[in-house]
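The values are calculated or read from the model by the stated rules, or taken from the named source; none is laboratory data. This structure is a prediction, so every number in the text was calculated from the model and none was measured. Cβ sites come from the backbone with ideal geometry, for glycine too, and all protein chains shown count toward neighbours. The accessibility values were calculated without ligands, DNA or RNA, using every heavy atom of the protein model including side chains. Shrake-Rupley method; radii C 1.70, N 1.55, O 1.52, S 1.80 Å.
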Amino acid sequence: AMRDFNHVMRARAAGAKLIVISPLYDATAAKADWWIPIEPATDGALALAMTHVLIEQGLYDADYAVKHTVAPFLVRADNGQFLRAKDLGEAATADAYVVWDEASGAPVPMPARTDALPGVRPALRAAVTVGGIACRTAFDLLAERAAQFTPARASEVCKLPEAAIRQLALEYARARPSTIKIGIGATRTFHGDLNARAILALAALTGDVGRSGGGASGW
């Protein structure tokens, strides 16, 4: 909307870099510092490739991911669901998610609305068996999924140069803060919600959610 784009242009005038990812060179793209002509409906592949670069280069905010996302939560290999305290027979915190504590080398329930527990270091990467249940962290699963979309593969899917995908990922990760506005085109496709989820994961990995001038959202 014009009322929203006014703020974008004011930010650009103040020094922000505007990158437009769109199949069409329209009035918005004409105002951009960099127009990226992506193949329609392939935004998820691009976002996953960027995620892969962030993880590969260690450009994600590990502390933020541990405290404010589901990244350290253990996921059951048998049904793909988060491991809960009740799965381990702990009634007091039955619905709490479970993390693997690097300090004690043991599983620890994380009560709701808790971003940290004294003396507990939730592992971002872990493949463990807890109570006879094989588990991995959500971060591990995201990294595995993103690894399937290297910049080379995303280049084929999105019809973009591999170098441009890597450059975009690095610029996004190194600019603080960074914000993403998701246009309706990215989600008005079959499984468009997955495009949005992949994009939102980027903002979570860089710790931009909740930071003034950062995040990822619709218009």
Worksheet, complete the sentence: Sorted largest first, the C-alpha extents of the range 1-94 along its principal axes in whole angstrom are 59, 29, 29
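Test of understanding: what is the full-extension gain from ARG10 to THR129, defined as 0.36 nm times their sequence separation minus their Cα-Cα distance?
37.6 nm
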Worksheet item: Can you give the translational diffusion coefficient of the chain in µm²/s, computed by Stokes-Einstein from the Kirkwood radius over Cα pairs at 20 °C and 1.002 mPa s?
Response: 114
Fill in: Ratio Rg/Rh, restricted to the range 54-159 and using Cα atoms, in which Rh is the Kirkwood radius
1.04
Fill in: For the chain, accessible area per residue (1.4 Å probe, heavy atoms of protein chains only), Å²
54
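DSSP beta bridges in the range 1-134, what fraction antiparallel, as a percent rounded to 5?
Values: 11 of 14 bridges.
Of all bridge pairs located within the range 1-134, approximately 80 percent are antiparallel.
Is there a quick way to get the dipole size of the range 83-143? I mean about its Cα centre, with the Cβ of Lys and Arg at +1 and of Asp and Glu at -1; what is the value in debye to the nearest 20? Please report the intermediate quantities before stating the final value.
On the way: 6 positive and 7 negative charges, 15 e Å.
About 80 debye.
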Item to complete: Run the accessible area of the range 69-219 with a 1.4 Å probe and give the carbon-and-sulfur part as a rounded percent.
Response: 55
Discussion item. How far apart, in nanometres, would the label points at ILE19 and LEU59 be if each is projected 7 angstrom from Cα along the Cα-to-Cβ direction?
Written reply: 0.7
Worksheet entry | For the range 1-145, with +1 on Lys and Arg beta carbons and -1 on Asp and Glu, the positive-most of PRO109, GLY132, PRO37 along the dipole | PRO37
